[in-house]
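These notes concern the structure reproduced below.
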Amino acid sequence: MFTIQQIIQAQSKVKSGAYFPKLIQEMKSFAITQYENYVSNGKSQYFGANSNIVQGESKYTKLPVNRNSSAEKLEQALSIHQIGKTDYKTFCAHSAETGVEKWISNLQEMTFSYFDIDGNILVVESIPIP
């Protein structure tokens, strides 16, 4: 069973999106199978084997999510984040501006799926393996 303290410790090592694949590998080592991140309030839920579910606290103040979503703008925000030009909070702000309500990280399929307010998928991308 994993704990929120383990997750917070692992996340504390991340300085930019460039480190993210290593974080995913560490989360997989905890037996996390999926997590959902809610952009508007900064909270995450982590799911694992044997119905293990852990909820994290908000990581930032509430962000308004744009009702007019744009997959193209999200892809631009993702590209600059993945090369290390933005930190997590900045990426979340960019996600809200592009209309992302939440993303689901599936650590079994190694994918991120980004959803708008209406539950439509904006972008699905593969998680790079370090």
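Points worth noting:
- Of the chymotrypsin sites (Phe, Trp or Tyr not before Pro) in the range 21-130, those whose Cβ has at most 13 other Cβ within 10 Å and which sit in DSSP loop: Tyr60
- Helix axis angle, 20-29 relative to the chain longest principal axis, alpha carbon, degrees: 30
- Compared with the alpha-carbon gap, the fully stretched path from Ala71 to Phe47 is longer by 6.0 nm at 0.36 nm per residue.
- Of the trypsin sites (Lys or Arg not before Pro) in the range 23-130, those whose Cβ has at most 16 other Cβ within 10 Å and which sit in DSSP loop: Lys59, Lys62, Arg67, Lys85
- Sequence-separation-based contact order of the chain, relative, with Cα cut under 8 Å and 6+ spacing, percent: 26
- Charge-dipole axis of the chain as Lys and Arg at +1 and Asp and Glu at -1 on Cβ define it, positive-most pick from Gly84, Phe47, Ile32: Gly84
- Structure-derived semi-axes √(5λ) of the Cα gyration tensor in Å: which label, when the choices are [x] 30, 14, 12; [y] 24, 16, 14; [z] 22, 16, 14: [z]
- Sites Gln34 and Tyr60, calculated FRET efficiency, Cβ-Cβ separation with R0 30 Å, nearest 0.05: 0.85
- Remark: the chain carries a charge dipole of roughly 440 debye about the Cα centre, counting +1 on each Lys and Arg Cβ and -1 on each Asp and Glu Cβ.
- Gaussian network model of the chain, springs between alpha carbon atoms under 10 Å - residue of Asn66, Asn50, Asn37 with greatest fluctuation: Asn50
Each value in this text was obtained by applying a stated rule to the coordinates, not by laboratory testing. For clarity, every value in this text was computed on a predicted model and none was experimentally measured. Cβ coordinates were reconstructed from backbone atoms using ideal geometry, including for glycine residues, and neighbour counts include every protein chain displayed.
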